[in-house]
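The next block holds one structure in the form of structure tokens; read it before the comments.
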Amino acid sequence: MDSPWAPLRDRVFRMLWIAVLAGNVGTWMQTVGAQWLVVAEPDAATWTSLVQTVTMLPVLLLALPSGALADVFDRRRLLLAVQTGLFGIGGVLAALTALDEMSPPLLLGFTFLLGVGQAFTLPTWQAVIPEVVPRDELPAASALGAVNTNLARSAGPAVAGLLVAHIGPVAVFALNAVSYAVFALALLAWRRPPRQGPSHPEHFGPAVRAGGRFVRYAPGVRRLLLRVVLFVLPGSVVWGLLPVVAHQELGLGASGYGVLLAALGVGAIAGALLMPRVRRRLSANRLIRVTGAVYAAALAVVALVPHFAAVGAVLVLAGAAWMMLVSRMNATLQLLLPNWVRARGLGIYQVVFAGAQALGALVWGQVAEAAGLPATFVTAAVAMLLGAVTVEWLPVHEHDDADRSPAIFWAEPHIMLEPHHDDGPVLVTAVYRVAGANAAGFVSAMDEVRLTRLRTGATRWGLFRDGADPARFVEVYQVPTWEEHLRQHEGRLTGSDEQVEKRAVALAEGEPEVTHLLPAHDDPSPARDDPSPARDDLPARGDVPAGGGLPAHGAEPASSAAAPRAD
């Protein structure tokens, strides 16, 4: 049996995992202290849900840009700079609270700033994990990430409840600041090996756009993100309104609220320990059904049975369901993403996750103010069940056998002109000869090639068939700059992309004839002697090829932006 603890045998992963645990404990202590600081205010449901919202809002706004930075810059140094900044912010928050200068709006402002730090930390840390553990241990490492979060969810609120009850929120805020220092020290101790990056580092703006383009044209990633929304949106009612349930429905103080959060954490840890067995016995889609039903039942009990013991018991089950679903989706996503775009893909995941959680907390807070807590939890339970049922029509495809390692299999561009890296757009054509008997299969295979082009840099794509010579097919795609096209040559394509292209080429008669069309300049200078004639039979702006070319059946003309197709 695979051990769920196997990644902890690696010294670097173990050291960083413990440091992240300290940070997560501090974050949960911070959340409990902030929510309890406003729970006695008028409109407490709104204030407590706003604490959750402003915590997640920065992730929603900044996770993709932070993922782009993590893919462009050294991830260790980025994490170190962020933790240092968070230490300073946390220290100021603790000092102002000690001076009794912390009003609810100011508290929300500091919570937002700490959330900004989390937005930069989450995708960067998750992108580091595949660097320090083998691929076959990634599911276990992802589950350990969930164990980490939920150990913190168990210990952090319980400790925070005791500190708030006996000292006050200032102690919680101070310890949270110290937790950032612990993470920073661990990063200083980690000597990250030098990594071979691309010959030309990406610029920030194009890197962000490339990350969004990858996800847009990765049907498996899009489907996974949809499943996360359908689970997190109704599930966020617990994180947004549990302090109000503890205070108003159960009559508990800070310590009692900490116990309820600890019950969620204990359930999540138990779920993590069961994950290797669950992964072998349940497919991802069956797990979605089971966890959705369990979580919905727990929400119904919270709504209809307002007793401390009953609520605590079902929160254990809810914690297990939450951990199993979220960690399975996270591990699947890490396996789907190639390294060049991993932090950006995880950043988009964090945007979706945090957006669903922030929106859910805000909506459920308003529903609770209007209809009361029991009706709110019942509504969320129904929404959770409906989301689980949709897996019949919107399943997840895990692609466990996909090869996401870099594959450099394209020949070096054979050109007479030496373009500048910023020159563009660049029009690439590939001419295939395909026998009539293979034409339908070729067009179908090229539909998969289309996605590989668009994921790795192309902004437009089309497949055309010569009206005068039906055996002649012309693939045309446009890339924003020459540099972006070089990245396709230098490692953006994966082993799976190579197999997709080979299946299409196998249906043609030999290798395609590839041409690179560059923007025309007033005085182009040849870079070297080359006997190959320049090709000018295709325009540089993506119009229909000359020579009577017609769009192949099922393809789009290159002059129109290709829209993502349904999974």
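The values are calculated or read from the model by the stated rules, or taken from the named source; none is laboratory data. The structure displayed is predicted, hence computed values, not measured ones. Here Cβ is always computed from backbone atoms with ideal geometry, including for glycine, and neighbour counts include all displayed protein chains. Quick note on the areas: whole protein, heavy atoms, side chains included, nothing else; ligands and nucleic acids left out. Shrake-Rupley method; radii C 1.70, N 1.55, O 1.52, S 1.80 Å.
Return the residue satisfying two criteria in turn: it lies in the range 459-478 and is under 34 Å from the mean Cα position of the chain (by Cα) and more than 21 Å from Leu507 (Cβ to Cβ), and of such residues it is most open to solvent (accessible area, probe 1.4 Å).
Quick first cut of the range 459-478, residues under 34 Å from the mean Cα position of the chain (by Cα) only: 459-463, 475-478.
Now drop any that are not more than 21 Å from Leu507 (Cβ to Cβ), which leaves 459-460, 478.
Details: Thr459: 46, Arg460: 77, Gln478: 24 Å².
Result: Arg460.
Here is a yes/no grid of residues against (1) surrounded by fewer than 22 Cβ atoms within 10 Å (Cβ to Cβ); (2) among the hydrophobic types (A, V, I, L, M, F, W, C); (3) touching a Gly at 6+ places or on another chain (Cβ under 8 Å):
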{"site": "Leu79", "(1), (2), (3)": "no, yes, no"}
{"site": "Ile89", "(1), (2), (3)": "yes, yes, yes"}
{"site": "Pro105", "(1), (2), (3)": "yes, no, no"}
{"site": "Gly109", "(1), (2), (3)": "yes, no, no"}
{"site": "Gly115", "(1), (2), (3)": "no, no, no"}
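Within the range 257-291, how many residues are within 17 Å of Ala152 (Cα to Cα) and either open to solvent by less than 70 Å² (accessible area, probe 1.4 Å) or of a type in the set (Asp, Glu) (or both)?
Filtering the range 257-291 for residues within 17 Å of Ala152 (Cα to Cα) gives 257-273.
From the residues that got through so far, the ones that are either open to solvent by less than 70 Å² (accessible area, probe 1.4 Å) or of a type in the set (Asp, Glu) (or both) too are 257-258, 260-265, 267-272.
Counting residues in the range 257-291 that are within 17 Å of Ala152 (Cα to Cα) and either open to solvent by less than 70 Å² (accessible area, probe 1.4 Å) or of a type in the set (Asp, Glu) (or both) gives 14.
When you go through (1) in a loop (DSSP other than H, G, I, E, B); (2) closer than 30 Å to His489 by Cβ one by one for Val396, which number turns out not to apply?
(2)
If the Cβ limit is 8 Å and pairs must be 6+ apart or interchain, which residue in the range 394-415 that is among the polar types (S, T, N, Q) pairs with which residue that is surrounded by fewer than 16 Cβ atoms within 10 Å (Cβ to Cβ) and modelled with pLDDT of 85 or more?
If the second residue must be surrounded by fewer than 16 Cβ atoms within 10 Å (Cβ to Cβ) and modelled with pLDDT of 85 or more, the pairs left are Ser405/Gly495.
From (1) open to solvent by 20 Å² or more (accessible area, probe 1.4 Å); (2) touching a Phe, Trp or Tyr at 6+ places or on another chain (Cβ under 8 Å); (3) within 17 Å of Leu517 (Cβ to Cβ), pick out the condition that doesn't hold for Thr481.
(2)
One residue is enough: does the range 348-359 have a residue meeting the conditions open to solvent by less than 20 Å² (accessible area, probe 1.4 Å) and of a type in the set (Phe, Trp, Tyr)? Even if it seems obvious, please write down each step before you answer.
Residues of the range 348-359 open to solvent by less than 20 Å² (accessible area, probe 1.4 Å): 349-350, 354-358.
Those left that are additionally of a type in the set (Phe, Trp, Tyr): 349.
So far as the range 348-359 goes, yes, one or more of its residues are open to solvent by less than 20 Å² (accessible area, probe 1.4 Å) and of a type in the set (Phe, Trp, Tyr).
Looking at the range 125-137, can you tell me whether even one residue there is of a type in the set (D, E, K, R) and crowded, with 17+ Cβ neighbours inside 10 Å? Show your work before the answer.
Quick first cut of the range 125-137, residues of a type in the set (D, E, K, R) only: 131, 135-137.
Those left that are additionally crowded, with 17+ Cβ neighbours inside 10 Å: 137.
Looking for residues that are of a type in the set (D, E, K, R) and crowded, with 17+ Cβ neighbours inside 10 Å, one finds at least one in the range 125-137, hence yes.
Got a sec? Which of Ser532, Ser525 is in contact with a strand residue (DSSP E or B) (Cβ under 8 Å, 6 or more places away or on another chain), open to solvent by 30 Å² or more (accessible area, probe 1.4 Å), modelled with pLDDT under 90 and among the polar types (S, T, N, Q)? Before you say what the answer is, go through the steps one by one.
Details: Ser532 fails: in contact with a strand residue (DSSP E or B) (Cβ under 8 Å, 6 or more places away or on another chain).
Exactly one of Ser532, Ser525 is in contact with a strand residue (DSSP E or B) (Cβ under 8 Å, 6 or more places away or on another chain), open to solvent by 30 Å² or more (accessible area, probe 1.4 Å), modelled with pLDDT under 90 and among the polar types (S, T, N, Q), namely Ser525.
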